[in-house]
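> One structure, as structure tokens, below. Some questions next.
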Amino acid sequence: MSGLILGIETSCDETAAALVDTSGRALSSVISSQISLHRDFGGVVPELASREHAKVILSVIEQAFTDAGREFSSAGLEAVAVTKGPGLAGSLMVGVAAAKALSIGWEVPLVGVNHLEGHIFAIELDYPEVQFPMAMLVVSGGHTMIVRAERRGEYDILGETVDDAAGEAFDKVARLLGLGYPGGPEIERLSRAGDPFAIRFPRAKTKSEYDFSFSGPKTAVANYVKSHPGAAGADVAAAFQSSVVETLVEKTVAAAITSGCASIGLSGGVGANTLLRARLAEEGERAGLAVYVPAKRNCTDNGAMIAAAGRFLLERFGPSDPELDAMPSLRLS
């Protein structure tokens, strides 16, 4: 396969497009963020998100071609890959509709990509040669899971959240502390001035060894703030961040060792957290595992990861049905 892949991502509140070449190198990666649009609401408003996607998607795609030094045309284009799910229904529909229109108009194949598989392929944007099997920690806004990848395209979910995802917990704790949205970066910023050992928040137990639960720790923070009105917000933030990171790292490394993995990887928006990146690298290397922590720009939702996954899916399974639909509740399989 010799052409470029256009990747389009609109699963939540970021409109993204990228061009990836045959070597897996991103020639461009354009992301239009909606943070300022949703900040006053403390979270993503689905209807506003879909409207904004519709407003900017064409300009984002055109900018991806411009940044790659290419004309906005089908010249050299092998396929159009697009996130089909999971995600917000309205947001997904905008991306899928745009991809279908380009596929038909340019007469190039259409490839529907699972957003979660895209996060797994994000690793290869920075590490073209990955050691398999790999235990992948995917921590995006609404997802927290450990996926064992035997090889590309072959996955087994070892653990996932039973309630709040880590990103959701960060957002909720940030609101408790009077911080802005999104909560993850705000918690990290405030934590720099705090003592992570000043408070000990609980690590929730789950029935399955590698599942996650962040609702309990979040409630513990709420109770602590209520009963300690004079507590330093920085200490609360640092202690909560530490508890989340500790849980994520311990379970991922343990799952990798137990399931016989050669490596561990990290992706998803929460994967941009500095403490998580450092601790996962440290503990993974201590366990004798190869560790793949991609650049922060490749952790968050982006079109390059969708293009990378799309190339693999096109080679393995061929193009998707031209009548591709958005699948908001899609699972990783």
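> Relative to the first principal axis of the alpha-carbon coordinates of the chain, what is the inclination of helix 89-106, with its axis defined by its Cα atoms, in degrees from 0 to 90 and to the nearest 10?
Roughly 20 degrees between the two axes.
> Set Lys and Arg Cβ to +1 and Asp and Glu Cβ to -1, take the dipole of segment 131-293 about its Cα centre, and tell me which of S259, S243, Y292 lies farthest positive.
Highest projection toward the positive end goes to S243.
> Now, a different point. With only alpha-carbon atoms counted, please give the Rg and Dmax of the chain, in Å.
19.8, 63
> What per residue convex hull volume, in Å³, do the alpha-carbon atoms of segment 131-293 yield? Could the numbers behind the result be given before it?
Working: hull volume 15.8 nm³, N = 163.
Dividing the Cα hull volume of segment 131-293 by its residues yields 97 Å³.
> Still on this structure, please answer the following. If each residue's Cβ is checked for other Cβ atoms within 10 Å, how do Y292, Y210 rank with the fewest at the top?
Y210, Y292
> With the cut-off at 20 Å, tell me which of the pairs K172/K226; K205/K251; K207/K251; K205/K226 have Cα atoms farther apart than that.
K205/K226
> Report for segment 131-293 the percent antiparallel among DSSP-assigned beta bridges with both residues inside it, nearest 5.
Just about 60 percent of them are antiparallel.
> Continuing with the same structure: What's the magnitude of the charge dipole for the chain around its Cα centre, counting Lys and Arg as +1 and Asp and Glu as -1 at the beta-carbon? Answer in Debye, nearest 20.
So the magnitude is around 720 debye.
> Antiparallel DSSP bridges in the chain: what percent, to the nearest 5? Show your work: numbers first, answer last.
Working: 25 of 44 bridges.
Once the DSSP bridges in the chain are tallied, antiparallel ones form about 55 percent.
> Once both axes come from the Cα atoms, what is the angle between helix 215-227 and the longest principal axis of the chain, in degrees from 0 to 90, rounded to 10?
40
> Putting +1 on Lys and Arg Cβ atoms and -1 on Asp and Glu Cβ atoms, find which of N114, S33, V270 reaches farthest to the positive end of the dipole of the chain.
V270
> Relative contact order (percent) for segment 131-293, with alpha-carbon contacts under 8 angstrom and 6 or more residues of separation?
Relative contact order here is 29 percent.
> Gain in length, E285 to R331, computed as 0.36 nm per residue apart minus the alpha-carbon separation, to one decimal in nm?
Taking E285 through R331 to full extension adds about 13.5 nm, to one decimal.
> Moving on. Just subtract the alpha-carbon distance of A222 and R51 from 0.36 nm times their residue separation and send over the number in nm, one decimal. Don't skip to the answer; put the middle values down first.
Details: separation 171, 0.36 × 171 = 61.56 nm, distance 3.39 nm.
Result: 58.2 nm gained on full extension.
> Which distance in nm do the two modelled labels at R297 and R39 give, with both placed 7 Å along the Cα-to-Cβ direction?
2.2
> Assuming 0.36 nm per residue, please report the length gained on full extension of the stretch R189 to S23 beyond their Cα-Cα distance.
Extending this stretch completely gives an extra 56.1 nm.
> Normalised by the empirical 2.2 N^0.38 Å for globular proteins, what value does the Cα Rg of segment 216-272 take?
1.50
> Using a Gaussian network for the chain with springs between C-alpha atoms less than 10 Å apart, which of these wobbles most: G76, G194, G230?
G230
> Find the centroid of the Cα atoms in segment 269-329 and in segment 84-120, then give the distance between the two in whole Å.
After rounding, the separation between the Cα centres reads 16 Å.
> Give the distance, in whole Å, between the Cα centre of segment 5-24 and the Cα centre of segment 131-170.
21
> Here is a further query. Need the list of lysines near K84 for cross-linking: C-alpha distance under 25 angstrom, and skip anything on the same chain fewer than eight residues off.
The qualifying lysines are K55, K100, K296.
Laboratory data are not the source of any read-out in this text; all were calculated from the coordinates shown. The shown structure was predicted, so the numbers you read here are calculated from the model rather than taken from an experiment. Heads up, the Cβs are rebuilt from the backbone with ideal geometry, glycines too, and the neighbour counts pull from every protein chain shown.
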